[in-house]
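Here's a structure for you.
The values are calculated or read from the model by the stated rules, or taken from the named source; none is laboratory data. Only a predicted model underlies this, so the values are computations on that prediction, with no experimental measurement involved. Don't worry about glycine lacking a Cβ; one is built from the backbone with ideal geometry, like all the others, and counts go over all protein chains shown. Just the protein is used for accessible areas: all its heavy atoms, side chains included, with ligands, DNA and RNA removed. Shrake-Rupley method; radii C 1.70, N 1.55, O 1.52, S 1.80 Å.
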Amino acid sequence: MAPAKKGVLERLNAGEVVIGDGGFVFALEKRGYVKAGPWTPEATVQYPDAVRQLHREFLRAGSNVMQTFTFYASDDKLENRGNNLKVTGAQINEAACDLAREVANEGDALVAGGVSQTPSYLSCKSEADVKAIFRKQLDVFIKKNVDFLIAEYFEHVEEAVWAVEVLKETGKPVAASLCIGPKGDMHGVSPGECAVRLVKAGAQIVGVNCHFDPMTCVETVKLMKEGVEKAGLKAHYMVQPLAFHTPDCNCQGFIDLPEFPFGLEPRILTRWDMHKYAREAYNAGIRFIGGCCGFEAYHIRAIAEELAPERGFLPSASEKHGSWGAGLEMHTKPWVRARARRDYWENLKPASGRPQCPSMSVPDSWGVTKGHADLMQQKEATSKEELEQLFDKSKTH
């Protein structure tokens, strides 16, 4: 019988680095297993081999958290705006837990069950209604005995606090991750205050994920850390950013960019950018370091390689990757062999190859959030008339 693995808090309390996984939604959409728009994870039931393989790629790259692919798997999201899947949230969540556990058992990885923001909150449903949705998801995580829980991708700290309060009922460790930048949540609550509220609600790990690039997210977590320490509280910190450069984003993040979601590729971070991100996060005192949308396995491998001195080992995937381009020593072309050195890749300013394109965009900035009529959700599919109204409105922004 295999020895029991150390839990996430045991690892963090010992000062160990915990490496998260990458962005399942975007990665599987590009592979043809997730539909952009609803972004729901029915692939766990419909295409389990695809989900299992992606878990394995992240495990091999160095991740030691297999996060269940349960993003947007609440029943109200699965049936939002005509998304008729004929599969329940419970079925998706159970399959996701089984797949994550299967792969986690192939290495020294933990399974994290995740819940995320709900259409019900955006539609101004009550605290009791929203918490009931989280509890329904939680039933599966308890049944499948995940190792810890993550409340992730919350634009409003109020809803995140509700999620944490529900997750704490299990007695399992709880992490809470907001999709906010340095300006705070969508109602203007500062990162420091957001973190304090989450810690007081019971989260032992707090941080941010998605919506912004790595350095912006690290800066936001620094502000959260300052707020927690100023309040005399204690917590561990996590960061799981985008793999896209977002210097032109406003408080809504990358979903306001005109390139979202199908034209973001020119913004992708290189593996060398990820080395810088990993070191910056570590130096900021963050020990749970992973990725979100846009992250592929080679990005996670870069994090694991940068932090190999602290972790004491390289990931399995480094077997096929020479440190800082060392594998290029074997290339047939001499000018490519000349690039087999760290200073070349650290100082490279990669070109986009798009001479007619700007370096930055102008975000849409509609400025609507929870409580606004435009964000009220519905089961019915968006009608042609509703779309025409949106098309017209987009011309005035």
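Looking only at residues in region 112-144 that are open to solvent by less than 70 Å² (accessible area, probe 1.4 Å) and among the basic types (Lys, Arg), which one is nearest to LYS168 (Cα to Cα)?
Out of the qualifying residues, it is LYS131.
Would region 231-252 turn up any residue that is in a helix (DSSP H, G or I), surrounded by 24 or more Cβ atoms within 10 Å (Cβ to Cβ) and hydroxyl-bearing (Ser, Thr, Tyr)?
There is no residue in region 231-252 that is in a helix (DSSP H, G or I), surrounded by 24 or more Cβ atoms within 10 Å (Cβ to Cβ) and hydroxyl-bearing (Ser, Thr, Tyr).
Moving on to the next point. (1) at pLDDT below 95; (2) aliphatic (A, V, I, L, M); (3) closer than 30 Å to ARG287 by Cα: which one isn't true of VAL368, the others all being true?
Every condition holds for VAL368 apart from (3).
Could you list, in sequence order, the residues of region 308-334 that are among the small types (Gly, Ala, Ser) and closer than 18 Å to TYR298 by Cβ?
If the condition is that a residue be among the small types (Gly, Ala, Ser) and closer than 18 Å to TYR298 by Cβ, then ALA308, SER316, ALA317, SER318, GLY322, SER323, GLY325, ALA326, GLY327 are the ones that fit.
Ok, one more. Can you list the helices (runs of 4 or more DSSP H) lying wholly within region 10-113 that have 3 or more residues being within 22 Å of SER177 (Cα to Cα)?
24-31, 48-61, 75-78, 89-104
Could I ask something else about it? Determine which member of the set ALA109, ALA151 is open to solvent by less than 10 Å² (accessible area, probe 1.4 Å), touching a strand residue (DSSP E or B) at 6+ places or on another chain (Cβ under 7 Å) and over 16 Å from LEU167 (Cβ atoms).
ALA109
So, GLY294, is that one at positive phi and buried (at least 19 other Cβ atoms within 10 Å of the Cβ) or not?
Spelling it out, GLY294 is indeed at positive phi and buried (at least 19 other Cβ atoms within 10 Å of the Cβ).
A further question follows. Would you check if LYS225 is in a helix (DSSP H, G or I), charged (D, E, K, R), more than 22 Å from ASP364 (Cα to Cα) and open to solvent by 10 Å² or more (accessible area, probe 1.4 Å)?
yes
Here is a further query. Considering only residues that are more than 21 Å from ALA163 (Cα to Cα) and modelled with pLDDT under 85, look in region 63-106 and name the one that is most open to solvent (accessible area, probe 1.4 Å).
By that ranking, first place goes to LYS86.
Mind checking which residues of region 193-209 are over 27 Å from TYR277 (Cβ atoms) and in a helix (DSSP H, G or I)?
Hits for region 193-209 are LYS200, ALA201.
Can you tell me which of (1) surrounded by 20 or more Cβ atoms within 10 Å (Cβ to Cβ); (2) under 18 Å from the mean Cα position of the chain (by Cα) is the one GLU219 doesn't meet?
Single failed check for GLU219: (1).
Tally the residues that are surrounded by 15 or more Cβ atoms within 10 Å (Cβ to Cβ) and closer than 30 Å to GLY322 by Cβ, restricting the search to region 253-278.
Count: 13.
Go through region 305-364 and give me each residue that's open to solvent by less than 70 Å² (accessible area, probe 1.4 Å), within 30 Å of GLU16 (Cβ to Cβ) and hydroxyl-bearing (Ser, Thr, Tyr).
Within region 305-364, SER318 is the sole residue that qualifies.
Ok, one more. Pairs please, first residue from region 246-260 and in contact (Cβ under 8 Å) with a residue 12 or more places away in the chain, second anywhere and aromatic (Phe, Trp, Tyr) and not in a loop (DSSP other than H, G, I, E, B), Cβ atoms under 8 Å, 6+ apart in sequence or on different chains.
Note: pairs meeting the criteria are THR246/PHE254; PHE254/PHE244.
Let me ask you something else. Of (1) of a type in the set (Asp, Glu); (2) part of a helix (DSSP H, G or I); (3) farther than 23 Å from CYS194 by Cβ, GLU259 satisfies all except one. Which?
The number of the failed condition is (2).
Let me ask you something else. Considering every residue within region 233-243, establish whether at least one is among the polar types (S, T, N, Q) and in contact (Cβ under 8 Å) with a residue 40 or more places away in the chain.
Yes.
Scan region 160-192 residue by residue and report those that are open to solvent by less than 20 Å² (accessible area, probe 1.4 Å), touching a His at 6+ places or on another chain (Cβ under 8 Å) and outside any strand (DSSP E or B).
CYS179, ILE180, ASP185
Something else: If TYR298 satisfies all but one of (1) assigned to a loop (DSSP other than H, G, I, E, B); (2) of a type in the set (Ser, Thr, Tyr); (3) under 13 Å from GLY22 (Cα atoms), what's the number of the condition it fails?
Unmet for TYR298, out of (1) assigned to a loop (DSSP other than H, G, I, E, B); (2) of a type in the set (Ser, Thr, Tyr); (3) under 13 Å from GLY22 (Cα atoms): (1).
I'd like to know if region 280-289 contains one or more residues that are among the polar types (S, T, N, Q), under 21 Å from the mean Cα position of the chain (by Cα) and in a strand (DSSP E or B).
Checking region 280-289: not a single residue is among the polar types (S, T, N, Q), under 21 Å from the mean Cα position of the chain (by Cα) and in a strand (DSSP E or B).
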